[in-house]
Amino acid sequence: NAGVMQNPRHLVRRRGQEARLRCSPMKGHSHVYWYRQLPEEGLKFMVYLQKENIIDESGMPKERFSAEFPKEGPSILRIQQVVRGDSAAYFCASSPLHGQSNYGYTFGSGTRLTVV
Amino acid sequence: KNEVEQSPQNLTAQEGEFITINCSYSVGISALHWLQQHPGGGIVSLFMLSSGKKKHGRLIATINIQEKHSSLHITASHPRDSAVYICAVVDTDKLIFGTGTRLQVFP
């Protein structure tokens, strides 16, 4: 029973390129969350998705960032025209149900994005 | 003021010492998590609490809902416990994180 799988583990992009980060939730988990950890800062919520729906994107930057969780396949966090300030670790977590105190979150190992 | 405050920010200890990390929060929550992150590594969920106390091996977590406070204790600390420990509260549909406590345990 694989955990939350994120790939790639490390991603280097030049300024202006696009970055695509993938997250496959745990089997049986239908809720996916993306968090960003900037260097020397704490983790911040970005977006919460269920299959084919964005539930809460209040933490997403207004421009260049988008996320999806299609019916088939992994969740994708997409960053267009990357800038140096996008360099961070991006973590995905999944849960079977959201907001339920009886259920926990399982985190992936993260994707470390470096923009050069 | 952050919604989730942790103390101390940095902590050093000798192997075998008893460790306490504190977390206070200002929002209403349904649950609280304690997470562990090793340098350059992923995030591991240690505990999820909504009341009382939980124990797993040498780790103990407590929460006081009325006082909006939680503590993580490590008994008989070991160098392999060196990591960043993060408190996170469940606010509706997302986690709000503290800034973490960096623990170093020396042999």
Filter result (loosely packed, with under 15 Cβ neighbours inside 10 Å and not hydroxyl-bearing (Ser, Thr, Tyr)) within the stretch B:18-31: B:18, B:27, B:28
Options A:116, A:82: the member that is away from chain B (no Cβ under 13 Å), open to solvent by less than 10 Å² (accessible area, probe 1.4 Å), over 15 Å from the mean Cα position of the chain (by Cα) and over 26 Å from residue B:87 (Cα atoms): A:82
Residue check: is residue A:76 among the β-branched types (Val, Ile, Thr) and over 11 Å from residue A:19 (Cβ atoms)? no
Residue A:91 meets each of (1) crowded, with 18+ Cβ neighbours inside 10 Å; (2) closer than 27 Å to residue A:116 by Cβ; (3) facing chain B (nearest Cβ under 10 Å); (4) without any contact (Cβ under 8 Å) to a residue 60 or more places away in the chain with one exception, condition (4)
If you scan the stretch A:39-66, which residues turn out to be under 16 Å from residue B:97 (Cβ atoms) and among the small types (Gly, Ala, Ser)? A:42, A:58, A:59
Can you list residue pairs whose Cβ atoms sit under 8 Å apart, with the first residue in the stretch B:86-107 being facing chain A (nearest Cβ under 8 Å) and without any contact (Cβ under 8 Å) to a residue 24 or more places away in the chain and the second being of a type outside the set (Gly, Ala, Ser) and surrounded by 23 or more Cβ atoms within 10 Å (Cβ to Cβ)? Count only pairs 6 or more apart in sequence or on different chains. B:93/A:48; B:94/A:33; B:94/A:48
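Would you please name the residue that is surrounded by the fewest Cβ atoms within 10 Å (Cβ to Cβ), looking only at residues in the stretch B:32-48 that are assigned to a loop (DSSP other than H, G, I, E, B) and within 11 Å of chain A (Cβ to nearest Cβ)? It would help to see each step written out before you state the result.
First pass over the stretch B:32-48, keeping only residues assigned to a loop (DSSP other than H, G, I, E, B): B:38-42.
Next cut, within 11 Å of chain A (Cβ to nearest Cβ) only: B:38, B:40-42.
Details: B:38: 12, B:40: 9, B:41: 13, B:42: 18.
The selected residue is B:40.
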Exactly one of B:105, B:90 is at pLDDT 90 or above and crowded, with 16+ Cβ neighbours inside 10 Å, and that one is B:105
Please specify each residue of the stretch B:6-16 satisfying the condition of being out of contact with any His (no Cβ under 9 Å at 6 or more places or on another chain) and surrounded by fewer than 16 Cβ atoms within 10 Å (Cβ to Cβ). B:7, B:8, B:9, B:10, B:12, B:14
Any residue in the stretch B:49-59 that is closer than 20 Å to residue B:102 by Cβ and part of a strand (DSSP E or B)? yes
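The values are calculated or read from the model by the stated rules, or taken from the named source; none is laboratory data. Keep in mind it's a predicted model, so treat the numbers as computed, not measured. Counting neighbours? That spans all protein chains shown, and the Cβs are built from the backbone with ideal geometry, glycine included. Just so you know, the surface numbers come from the protein's heavy atoms only, side chains and all, with ligands and any DNA or RNA stripped out. Shrake-Rupley method; radii C 1.70, N 1.55, O 1.52, S 1.80 Å.
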